[in-house]
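Visitor: Pasting a structure here, questions to come.
The values are calculated or read from the model by the stated rules, or taken from the named source; none is laboratory data. All figures in this text were calculated on a predicted structure; none of them were measured in a lab. Cβ placement follows ideal geometry from the backbone for every residue including glycine, while neighbour counts extend to all protein chains displayed.
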Amino acid sequence: MTDKMKAAAIIGEREIEILEVKKPVPKAGEVLINIKACALCTFEQRTYLGIVDMPLPFVGGHEISGVIEAIGEGVDKEEFPIGQRVAVRAFDSCGRCYYCRRGRGNLCINMKNANKFDEGEKINGIGGLAQYMTIDQSCIYKLPEDLPFEYGAIAEPIACVANSIKQGQIELGDDVVIIGAGIMGLLHVMLSKLKGARVIVSEPDKTRRVKAKEAGADIVFDPMEEDFVDKVKFITEGRGADVVFNTTAIAQVAEQVIKGIRNSGRVVMYSSIHPDKPISVSPSWIHNSQVTITGAVNPTVESFETSVTLLSKGLINPKNLISGSFKLDNAGDAFKEAIKPDTYRIIVTNY
């Protein structure tokens, strides 16, 4: 058995190289995962395009599924059997900081595994775009054997959206407005429908509006053709939405969508903003309307468990969110496809 493995590294702007690196060995409390599928998140895409400045070479990938290949000392072989199909919560929170001990592990100040793919070789990254990875046993979530690996790789984005949905505090019958119908927007549609909401999607692209309807949206409209605030107020009898989720990366949009919320409503800024520009909000209006403006970042332990449960029970089917798959050796082609504006998730596979 070889002690080497392949990894797809970003080595420059729009440059991918397949490296041969040392295969990791699980330490005490760790599990060795044979990675079968890894989805290319917007974060990896922005790093590839040079928008996000990361030390290079960089082996990204945090939307991961695979099988357990080996376990370290102290790991229960009955609980984590060899060959078990799993999803991975790659952002390993410390469990001891202020936020972890208050159930906010997604805000952990000691987040592990974020930038140490191979310290010996000075290669940065989380490491999902490789053949193997080691991670603490607490970060492993079992998947059913009949769930495709590609679907398992979508567990992480579903978990991120499950955390966002929790921040939105959707109640039965709420009017929920979702800005954008990319993959994260569509996942917000699916989970909002599970919560019993009427879902309204604002999306300028016609094809994506169709996708939103297929995902369960009740009403879709083009904000380039209809005024966003007027449209939302019209649909909601003048009140505004109960909850608004912004899944776009545009600061101007973030400022506009706040105006579509009702008194005591909730606005969730789901997406990171690029470029990050300040927006103008009246503090007096916040005071008088009693609105909540919040964010949602990373999956929590709880939201990841929710995600895997939804996938395992067939309550969420991510088939239509996957635009294609490429072998690890062809990761360069995968990135080229992933950055196209008309694609959803592209998966890099290892089987």
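Visitor: Looking at Gly61, Gly74, can you tell me which residue is in a loop (DSSP other than H, G, I, E, B), under 16 Å from the mean Cα position of the chain (by Cα) and either surrounded by fewer than 19 Cβ atoms within 10 Å (Cβ to Cβ) or in the same structural domain as Lys327 (by TED's automatic domain parsing) (or both)?
Guide: Gly61
Visitor: Now, a different point. Kindly list the number of the only condition in (1) β-branched (Val, Ile, Thr); (2) touching a Leu at 6+ places or on another chain (Cβ under 8 Å); (3) part of a loop (DSSP other than H, G, I, E, B) that fails for Ile82.
Guide: (2)
Visitor: Here's another thing I want to ask about it. Regarding the stretch 261-270, can at least one residue be identified that is of a type in the set (Ser, Thr, Tyr), within 24 Å of Gly103 (Cβ to Cβ) and in contact (Cβ under 8 Å) with a residue 60 or more places away in the chain?
Guide: Of the residues in the stretch 261-270, the ones of a type in the set (Ser, Thr, Tyr) are 264, 270.
Checking which are within 24 Å of Gly103 (Cβ to Cβ) leaves us with 270.
Subsequent filtering for residues that are in contact (Cβ under 8 Å) with a residue 60 or more places away in the chain retains 270.
Yes, some residue in the stretch 261-270 is of a type in the set (Ser, Thr, Tyr), within 24 Å of Gly103 (Cβ to Cβ) and in contact (Cβ under 8 Å) with a residue 60 or more places away in the chain.
Visitor: Just to be sure I understand, how many residues within the stretch 20-46 are surrounded by fewer than 21 Cβ atoms within 10 Å (Cβ to Cβ) and over 30 Å from Pro81 (Cα atoms)?
Guide: So the count comes out to 4.
Visitor: Looking at Val161, Val199, Val189 in this structure, which one is closer than 21 Å to Thr248 by Cα, in contact with a His (Cβ under 9 Å, 6 or more places away or on another chain) and outside any strand (DSSP E or B)?
Guide: Val161
Visitor: Please specify each residue of the stretch 287-329 satisfying the condition of being modelled with pLDDT of 95 or more, touching a strand residue (DSSP E or B) at 6+ places or on another chain (Cβ under 9 Å) and of a type in the set (Val, Ile, Thr).
Guide: Val291, Thr292, Ile293, Thr294, Val308, Ile322 - these are the residues of the stretch 287-329 that are modelled with pLDDT of 95 or more, touching a strand residue (DSSP E or B) at 6+ places or on another chain (Cβ under 9 Å) and of a type in the set (Val, Ile, Thr).
Visitor: Considering only the stretch 240-251, state which residues are without any contact (Cβ under 8 Å) to a residue 40 or more places away in the chain and more than 18 Å from Gly182 (Cα to Cα).
Guide: Gly240 - this is the single residue of the stretch 240-251 that is without any contact (Cβ under 8 Å) to a residue 40 or more places away in the chain and more than 18 Å from Gly182 (Cα to Cα).
Visitor: Check the stretch 218-227 and report whether any residue there is modelled with pLDDT of 95 or more and either part of a helix (DSSP H, G or I) or of a type in the set (Gly, Ala, Ser) (or both).
Guide: Within the stretch 218-227 (the criterion being modelled with pLDDT of 95 or more and either part of a helix (DSSP H, G or I) or of a type in the set (Gly, Ala, Ser) (or both)), the answer is no, since none of the residues qualifies.
Visitor: Any idea which of Ala338, Ala251 is under 26 Å from Thr47 (Cα atoms), small (Gly, Ala, Ser) and assigned by TED's automatic domain parsing to the domain that holds Glu203?
Guide: Answer to the check: Ala251.
Visitor: Continuing with the same structure: Which of the residues spanning the stretch 265-279 are modelled with pLDDT under 95 and in contact with a helix residue (DSSP H, G or I) (Cβ under 6 Å, 6 or more places away or on another chain)?
Guide: Ile273, Lys277, Ile279
Visitor: Now, a different point. In the set Ser192, Ser264, Ser202, which member is over 25 Å from the mean Cα position of the chain (by Cα), under 25 Å from Val297 (Cα atoms), assigned by TED's automatic domain parsing to the domain that holds Pro278 and of a type outside the set (A, V, I, L, M, F, W, C)?
Guide: Sole residue among the options that is over 25 Å from the mean Cα position of the chain (by Cα), under 25 Å from Val297 (Cα atoms), assigned by TED's automatic domain parsing to the domain that holds Pro278 and of a type outside the set (A, V, I, L, M, F, W, C): Ser264.
Visitor: For the stretch 274-284, enumerate the residues that are surrounded by fewer than 13 Cβ atoms within 10 Å (Cβ to Cβ) and part of a loop (DSSP other than H, G, I, E, B). Explain how you work it out, then say what you get.
Guide: First, the residues of the stretch 274-284 that are surrounded by fewer than 13 Cβ atoms within 10 Å (Cβ to Cβ): 275-278, 280, 282-284.
If the condition is that a residue be surrounded by fewer than 13 Cβ atoms within 10 Å (Cβ to Cβ) and part of a loop (DSSP other than H, G, I, E, B), then Pro275, Asp276, Lys277, Pro278, Ser280, Ser282 are the ones that fit.
Visitor: Taking the conditions exactly as written (among the hydroxyl-bearing types (Ser, Thr, Tyr), under 23 Å from the mean Cα position of the chain (by Cα) and in a loop (DSSP other than H, G, I, E, B)), does Ser271 satisfy them or not?
Guide: Answer is yes for this residue.
Visitor: Restricting the search to the stretch 285-303, which residues are part of a helix (DSSP H, G or I), hydrophobic (A, V, I, L, M, F, W, C) and closer than 28 Å to Val257 by Cα?
Guide: Hits for the stretch 285-303 are Trp285, Ile286.
Visitor: Continuing with the same structure: If the Cβ limit is 7 Å and pairs must be 6+ apart or interchain, which residue in the stretch 29-55 that is in the same structural domain as Pro341 (by TED's automatic domain parsing) pairs with which residue that is crowded, with 24+ Cβ neighbours inside 10 Å and charged (D, E, K, R)?
Guide: So the pair list comes out as Cys38/Glu63; Ala39/Glu63; Cys41/Glu63.
Visitor: Here are some residues: Leu143, Leu172. Which one is of a type in the set (A, V, I, L, M, F, W, C), at pLDDT 95 or above and farther than 30 Å from Glu73 by Cβ?
Guide: Leu172
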